[in-house]
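Take a look at the structure set out below.
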Amino acid sequence: DAMVIQNPRYQVTQFGKPVTLSCSQTLNHNVMYWYQQKSSQAPKLLFHYYDKDFNNEADTPDNFQSRRPNTSFCFLDIRSPGLGDAAMYLCATSKGLAGSYEQYFGPGTRLTVT
Amino acid sequence: SQELEQSPQSLIVQEGKNLTINCTSSKTLYGLYWYKQKYGEGLIFLMMLQKGGEEKSHEKITAKLDEKKQQSSLHITASQPSHAGIYLCGAALNTGNQFYFGTGTSLTVIP
């Protein structure tokens, strides 16, 4: 059974057109993360929610926003996608703090910007 | 600057050979994780190490964390084509939720 689900798996958007990526989990985990992974690079943490507390990484562009309406769902909003935002976006969850609990990853959403 | 450095960047080995991947940080690691990623897919958890000197094994994969908790190695014994993929180390560098991945090692196993 899928535990971390990402929709859609592939998303194509136009330059400057807002896009929302979705992540849901059946694990009831407290923490949800969004990572950006560009081609041949390691995943880079954008932000995370610990319950309802939002934590933004210092170098995450303002163009990226997130919402977590409830425990199960978390959304990544890209307000004005640029060509440089084309990447794989990975959602992950963990029971608690990253140093103490493993993260469970979804299959990712591959975003193409035309 | 990269918080976690992995070496080698890529590795091509003959099936049946042993191999080692290293992950190094200049900072103390609060939890060191190894993940495997197939191209275009999500990450699969392999192992987690927390204590200095800790060593864990699963099937033919062994991971170690050094006593100073700044370096980890992943060793694969008698590699198989199913081991091919990208291996990523990841760690928290403080007691919060900031999490960093290493630069990754691409492994190819030739039958």
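Of everything listed in (1) surrounded by 15 or more Cβ atoms within 10 Å (Cβ to Cβ); (2) in contact (Cβ under 8 Å) with a residue 24 or more places away in the chain; (3) assigned to a strand (DSSP E or B), the single unmet condition for B:LYS64 is (2).
Screening region A:37-84 for residues that are among the aliphatic types (A, V, I, L, M) and touching a residue at least 60 places away in the same chain (Cβ under 8 Å) and picking the one that is surrounded by the most Cβ atoms within 10 Å (Cβ to Cβ) gives A:ILE78. The residues in region B:41-61 that are at the interface with chain A (Cβ under 10 Å from one of its Cβ atoms) and at pLDDT below 90 can be counted, and the count is 3. When the residues of region B:1-20 are filtered to those that are of a type in the set (D, E, K, R) and at pLDDT 95 or above, the one that is farthest from the chain's Cα centre (by Cα) is B:GLU15. Of everything in region A:85-108 that is more than 10 Å from chain B (Cβ to nearest Cβ) and assigned to a strand (DSSP E or B), the residue that is surrounded by the most Cβ atoms within 10 Å (Cβ to Cβ) is A:THR93. For beta carbons closer than 8 Å, sequence separation of 6+ or different chains, a first residue in region B:26-40 that is over 13 Å from B:PHE99 (Cα atoms) and facing chain A (nearest Cβ under 10 Å) and a second that is surrounded by fewer than 23 Cβ atoms within 10 Å (Cβ to Cβ) and among the basic types (Lys, Arg), the qualifying pairs are B:GLY40/A:ARG110. For region B:31-56, give me each residue that is farther than 18 Å from A:SER94 by Cβ, touching a Lys or Arg at 6+ places or on another chain (Cβ under 6 Å) and assigned to a strand (DSSP E or B). B:GLU55, the sole residue that qualifies. Among the residues of region A:1-29, those identified as surrounded by 15 or more Cβ atoms within 10 Å (Cβ to Cβ) and not polar (S, T, N, Q) are A:VAL4, A:ILE5, A:VAL19, A:LEU21, A:CYS23, A:HIS29.
If the condition is being more than 9 Å from every other protein chain (Cβ to nearest Cβ) and buried (at least 18 other Cβ atoms within 10 Å of the Cβ), then region B:90-111 contributes B:THR105, B:LEU107, B:VAL109. Among residues of region B:62-103 being within 27 Å of A:THR60 (Cβ to Cβ) and touching a Lys or Arg at 6+ places or on another chain (Cβ under 6 Å), the one that is modelled with the highest pLDDT is B:TYR87.
Just for region A:31-45: of the residues that are more than 10 Å from every other protein chain (Cβ to nearest Cβ) and at pLDDT 95 or above, which one is nearest to the chain's Cα centre (by Cα)? Ranking the qualifying residues of region A:31-45, first place goes to A:TRP34.
The values are calculated or read from the model by the stated rules, or taken from the named source; none is laboratory data. As the structure is a prediction and not an experimental result, all values here were calculated from the model. Positions of Cβ are generated from backbone atoms using ideal geometry, with glycine treated the same way; all protein chains shown enter the neighbour counts.
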